[in-house]
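**Q** Below you will find the structure I want to go over with you.
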Amino acid sequence: MPQYSMHLDANGLFGRFGGRFVAETLMPLILELQAEYDTAREDADFQRLLAYFQRDYVGRPSPLYFAERLTEHFGGAKLYLKREELNHTGAHKINNCIGQILLAKRMGKTRIIAETGAGMHGVATATVAARFGMSCVVYMGTTDIERQQPNVFRMKLLGADVIPVTTGTGTLKDAMNEALRDWVTNVDDTFYIIGTVAGPHPYPAMVRDFQAVIGREARMQIFEKEGRLPDSLIACIGGGSNAMGLFHPFLDDDMVEMIGVEAGGKGVETGKHAASLNGGVPGVLHGNRTYLLQDGDGQISDAHSISAGLDYPGIGPEHAWLHEQGRVDYVSVTDDEALEAFQVCCRQEGIIPALESAHALAEVAKRAPTLPHDHLMVVSLSGRGDKDMVSVADYLGEKSQ
Amino acid sequence: MNNASRLDRCFAALKAENRPALVTYVTAGDPGFETSLEILKGLPAAGADVIEFGIPFSDPVADGPAIQKAALRALESGQTQARTLEMVRTFRQQNTETPIVLMGYYNPIYRYGAERFLSDAARASVDGLIVIDLPPEHDDESCLPATEHGLDFMRLATPTTDANRLPKLLGNASGFIYCVLVTGVTGCNMPNPESTEQAIGKLREHTHLPIAVGFGIRNAEQAAEIGHFSDAVVVGSALVDCIEYAVTPQVAIVSAHNLVRELAEGMFQARAGSA
């Protein structure tokens, strides 16, 4: 019996985390989605179609690249980058979107909605909606619209309506609230493509399954290159979909260490961060029980991160469970540390990582130098940083003044 | 009738009068503690039969703009679960008959400690709870424990709730059934009266509990139309708007109570001629 990989119960709970905490209007929709997903998962035609689009449309498998210069730079562990940034649309997000839109099509839905933070999930959703001829509405907070302009324009080019969300701090949490309000209003024709391993069951498990292609490939690739399992895996975590996708196929391999990197913003001790596990407590939001940033009265706090994709006060429930089980080590890095690692990656490898992925690299910078040369470390390079040029330029300008 | 809850007694009395109940929703602490308490205290005299008192939450995903803003006003003025319960206790010093139902989302209750909240609510003479994001799939979280504390636990039946699901939905429900006839958030469009009659007829095949219709009802005329078929009519966003648009706290109190008076008049008209 696998110890960690098959832990979900019938109510969608990973231990006490997860579940289906939604309004009654949505409950039948979620049950219908679950039934459809359960059928599709066992359907060879669906799996063939998914594999076809992953290969010829997304461009999978993504390479597992030996980062020779970064390895030398840090002078310790042997570093491999799982190059999710080379996927179509430039991040891991499309792995999930292509799976969910095939489900939407099976269910006869014609309208797609999504929330987005950095805009990568919004772009990936707009992309698959265009490919399958469906209308698409993306909710995006006004703060994020400002700091991720290129992605807003990409979504519009792809035919999506980008609806600015002004409530709260105008970030990912608020966008998700609005997407849920849309879904509860348009129940007949609309499919909600959630972008991360959060939300009501079956989303956390379903999104994980679609993202697990990352870990399955990495596992085969590291065996091809090194003939053995890696010693550690590192990925950044907002909601946690790229991390869950990389980790899941290795969960039952006790010898593989896993590290999830949360956004520490200006530092967890300052209160201005997005580190739900390191700075939050359990609660219920957006359909699932998980660790949340909240005050003593259960009001959700605003998250803070330079990375829009990590700027969320919650985390996928399976991560919350793995945290309490002690299977995965969850740490945080600050904006400053992420920006430093961002620049090192640009200069050493000629790869401009997303600010999200730079958080994983910042943890690599801390660990790799302390580890032996035969330590194999796989890092999820979840997205590319083209979208972040304005944020980074602003930040570096600010620092130099 | 000693064991009957306040809600049971209220609906039994109204049935005898052949009049639908007026259920009024306001958010606790909106726009501030004192004003909200005055609004609360005056609701029964203005004609409210049942009071839904909203527990403000930062992320009310089932609510439209009116109630979202009400929650923000309440939170900015420092409202907490403890203060909400304090308001109910104060209200009960002068009124022991009007049922009060707390309505909100699960996280503030969970953070307070679900068991502690239920126990404190029961001691404050709260009559029941409506927790939007606790479907029957999670009945062991608060619904069953609430019943043990003598609190009714209301359920929403929605347009997506099909006949197969109703037995599960209604199984542990008590107090009344909150029937939502349109898909959407609070403050959306009003349901049409014909579909109201049909939907209520279907629900009655599955439950003996009183049926309240809410979402989108804003004035006395609409309330009377819906109340012709239902056991209760819920008005929320329109009342909350009175508070938002008021230029002073005193205006908020007066205009909210005036709207309740008009709505109550509608309740008296709902079945006129059909008795």
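The values are calculated or read from the model by the stated rules, or taken from the named source; none is laboratory data. Predicted model, so just to flag it, every value in this text is computed and none were measured. Note: ideal-geometry Cβ built from the backbone for every residue, glycine included; neighbour counts use all protein chains shown.
**Q** Cβ-Cβ below 7 Å, separation at least six or inter-chain, first residue in the range B:80-96 and within 14 Å of chain A (Cβ to nearest Cβ), second assigned to a helix (DSSP H, G or I) and modelled with pLDDT of 95 or more: which pairs?
**A** These pairs meet every condition: B:Q81/B:P108; B:Q81/B:Y112; B:Q81/B:F117; B:R83/B:F33; B:L85/B:D120; B:L85/B:A121.
Residue by residue, here is whether (1) in contact with a strand residue (DSSP E or B) (Cβ under 9 Å, 6 or more places away or on another chain); (2) not charged (D, E, K, R) holds:
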position: A:R111; (1), (2): yes, no
position: A:A114; (1), (2): yes, yes
position: A:V128; (1), (2): yes, yes
position: A:C136; (1), (2): yes, yes
position: A:Q149; (1), (2): no, yes
position: A:A160; (1), (2): yes, yes
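**Q** Next question, about the same structure. Could you please give the count of residues in the range B:132-182 that are facing chain A (nearest Cβ under 10 Å), over 19 Å from B:R204 (Cβ atoms) and either under 18 Å from the mean Cα position of the chain (by Cα) or small (G, A, S) (or both)?
**A** Total satisfying the criteria: 5.
**Q** Something else now. Which of (1) part of a helix (DSSP H, G or I); (2) over 20 Å from the mean Cα position of the chain (by Cα); (3) among the hydroxyl-bearing types (S, T, Y) is the odd one out, the single condition A:Y65 does not satisfy?
**A** With (1) part of a helix (DSSP H, G or I); (2) over 20 Å from the mean Cα position of the chain (by Cα); (3) among the hydroxyl-bearing types (S, T, Y) applied to A:Y65, the lone miss is (1).
**Q** Another one. Within the range A:205-219, can one find any residue that is in contact with a strand residue (DSSP E or B) (Cβ under 6 Å, 6 or more places away or on another chain) and of a type outside the set (A, V, I, L, M)?
**A** no
**Q** Count, please, the residues in the range B:200-217 that happen to be in a helix (DSSP H, G or I) and in contact with a strand residue (DSSP E or B) (Cβ under 6 Å, 6 or more places away or on another chain).
**A** Initial filter on the range B:200-217 (in a helix (DSSP H, G or I)): B:200-204.
Applying the additional criterion that residues be in contact with a strand residue (DSSP E or B) (Cβ under 6 Å, 6 or more places away or on another chain) yields B:200, B:203.
Looking only at that region, the number is 2.
**Q** Any idea which of (1) in contact (Cβ under 8 Å) with a residue 60 or more places away in the chain; (2) away from chain B (no Cβ under 14 Å); (3) of a type in the set (D, E, K, R); (4) surrounded by fewer than 20 Cβ atoms within 10 Å (Cβ to Cβ) is the one A:E42 doesn't satisfy?
**A** (1)
**Q** Given the options A:S357, A:S391, name the one that is of a type in the set (S, T, N, Q) and within 17 Å of the chain's Cα centre (by Cα).
**A** From the options A:S357, A:S391, the qualifying one is A:S357.
**Q** Okay, moving on. Suppose we keep only residues that are within 21 Å of the chain's Cα centre (by Cα) and crowded, with 16+ Cβ neighbours inside 10 Å within the range A:45-56. Which one would you say is farthest from the other protein chains (Cβ to nearest Cβ)?
**A** Restricting attention to the range A:45-56, the residues satisfying the condition of being within 21 Å of the chain's Cα centre (by Cα) are A:50-51, A:53-55.
Narrowing further to those that are crowded, with 16+ Cβ neighbours inside 10 Å: A:50, A:53-54.
Values: A:L50: 28, A:F53: 30, A:Q54: 32 Å.
Across the range A:45-56, the extreme among qualifying residues is A:Q54.
**Q** Could you figure out which of (1) facing chain B (nearest Cβ under 9 Å); (2) farther than 24 Å from A:N11 by Cα; (3) crowded, with 24+ Cβ neighbours inside 10 Å isn't true of A:V284?
**A** Of everything listed in (1) facing chain B (nearest Cβ under 9 Å); (2) farther than 24 Å from A:N11 by Cα; (3) crowded, with 24+ Cβ neighbours inside 10 Å, A:V284 misses just condition (2).
**Q** Considering A:V187, A:V165, A:V207, which residue is farther than 20 Å from A:D388 by Cα and within 16 Å of the chain's Cα centre (by Cα)?
**A** A:V207
**Q** While we're looking at this one, here's another question. If you go through the range A:292-315 one residue at a time, how many are out of contact with any Gly (no Cβ under 7 Å at 6 or more places or on another chain), modelled with pLDDT under 95 and among the aliphatic types (A, V, I, L, M)?
**A** 2
**Q** Does A:V333 satisfy the criteria of being under 24 Å from A:R228 (Cβ atoms), at pLDDT 95 or above, among the hydrophobic types (A, V, I, L, M, F, W, C) and touching a Gly at 6+ places or on another chain (Cβ under 9 Å)?
**A** When the stated conditions are applied, A:V333 does not pass them.
**Q** With (1) more than 14 Å from chain B (Cβ to nearest Cβ); (2) at pLDDT 95 or above; (3) in contact with a helix residue (DSSP H, G or I) (Cβ under 7 Å, 6 or more places away or on another chain) as the list, and A:G326 as the residue in question, which single condition is left unmet?
**A** Here A:G326 meets the rest and fails (3).
**Q** While we're looking at this one, here's another question. Considering each residue of the range A:1-45, count those that are touching a strand residue (DSSP E or B) at 6+ places or on another chain (Cβ under 7 Å), at pLDDT 95 or above and farther than 22 Å from B:D162 by Cα, and give that number.
**A** Residues meeting the conditions: 4.
**Q** Do you know which residues across the range B:10-38 are closer than 14 Å to B:A232 by Cα, in contact (Cβ under 8 Å) with a residue 12 or more places away in the chain and assigned to a helix (DSSP H, G or I)?
**A** B:C10, B:F11, B:L14, B:K15
**Q** More than 11 Å from every other protein chain (Cβ to nearest Cβ) and among the polar types (S, T, N, Q) - does that describe any residue in the range B:225-245?
**A** Yes, there is a match, as at least one residue in the range B:225-245 is more than 11 Å from every other protein chain (Cβ to nearest Cβ) and among the polar types (S, T, N, Q).
**Q** Is it fair to say B:S36 is within 19 Å of B:E148 (Cβ to Cβ) and of a type in the set (G, A, S)? Give the steps one after another, and end with the answer.
**A** On the way: within 19 Å of B:E148 (Cβ to Cβ): no; of a type in the set (G, A, S): yes.
Criteria not met by B:S36.
**Q** Would you mention how many residues in the range B:46-79 are part of a loop (DSSP other than H, G, I, E, B), within 14 Å of chain A (Cβ to nearest Cβ) and either in contact with a helix residue (DSSP H, G or I) (Cβ under 6 Å, 6 or more places away or on another chain) or touching a residue at least 40 places away in the same chain (Cβ under 8 Å) (or both)?
**A** So the count comes out to 12.
**Q** Scan the range A:1-49 for residues that are hydrophobic (A, V, I, L, M, F, W, C) and either within 25 Å of A:D253 (Cβ to Cβ) or part of a loop (DSSP other than H, G, I, E, B) (or both) and jot them down.
**A** A:M1, A:M6, A:L8, A:A10, A:L13, A:F14, A:F17, A:V22, A:A23
**Q** I would also like to ask the following. Within the range A:212-247, take every residue that is within 9 Å of the chain's Cα centre (by Cα) and part of a helix (DSSP H, G or I) and give me the one that is surrounded by the most Cβ atoms within 10 Å (Cβ to Cβ).
**A** In this case the residue turns out to be A:A243.
**Q** Sticking with this one: Which of the following residues is within 14 Å of another protein chain (Cβ to nearest Cβ), out of contact with any helix residue (DSSP H, G or I) (no Cβ under 6 Å at 6 or more places or on another chain) and either in a loop (DSSP other than H, G, I, E, B) or among the β-branched types (V, I, T) (or both): A:D182, A:D188, A:D174?
**A** Unique residue meeting the criteria: A:D188.
**Q** Separate question: Could you check, for the range B:129-149, whether at least one of its residues is in contact with a Ser or Thr (Cβ under 7 Å, 6 or more places away or on another chain), modelled with pLDDT of 95 or more, more than 23 Å from A:D188 (Cβ to Cβ) and charged (D, E, K, R)?
**A** There is no residue in the range B:129-149 that is in contact with a Ser or Thr (Cβ under 7 Å, 6 or more places away or on another chain), modelled with pLDDT of 95 or more, more than 23 Å from A:D188 (Cβ to Cβ) and charged (D, E, K, R).
**Q** Further, regarding this structure: Condition test on B:A46, is it at pLDDT 95 or above and surrounded by fewer than 17 Cβ atoms within 10 Å (Cβ to Cβ)?
**A** Taking the combined requirement at face value, the residue does not satisfy it.
**Q** Hey, another quick one. Residues A:I306, A:I315, A:I351: which one is over 17 Å from the mean Cα position of the chain (by Cα) and within 28 Å of A:E146 (Cα to Cα)?
**A** Within the list A:I306, A:I315, A:I351, the selection yields A:I351.
**Q** Hey, another quick one. Please state which of the following conditions A:A130 fails to meet, knowing it meets all the rest: (1) buried (at least 20 other Cβ atoms within 10 Å of the Cβ); (2) modelled with pLDDT of 95 or more.
**A** Here A:A130 clears every test but (1).
**Q** Additional query: Can you pull out every residue in the range A:16-34 that is in contact (Cβ under 8 Å) with a residue 60 or more places away in the chain and within 24 Å of the chain's Cα centre (by Cα)?
**A** Those that are in contact (Cβ under 8 Å) with a residue 60 or more places away in the chain and within 24 Å of the chain's Cα centre (by Cα): A:R16, A:F17, A:G18, A:G19, A:R20, A:F21, A:V22, A:L26, A:L29, A:I30, A:L33, A:Q34.
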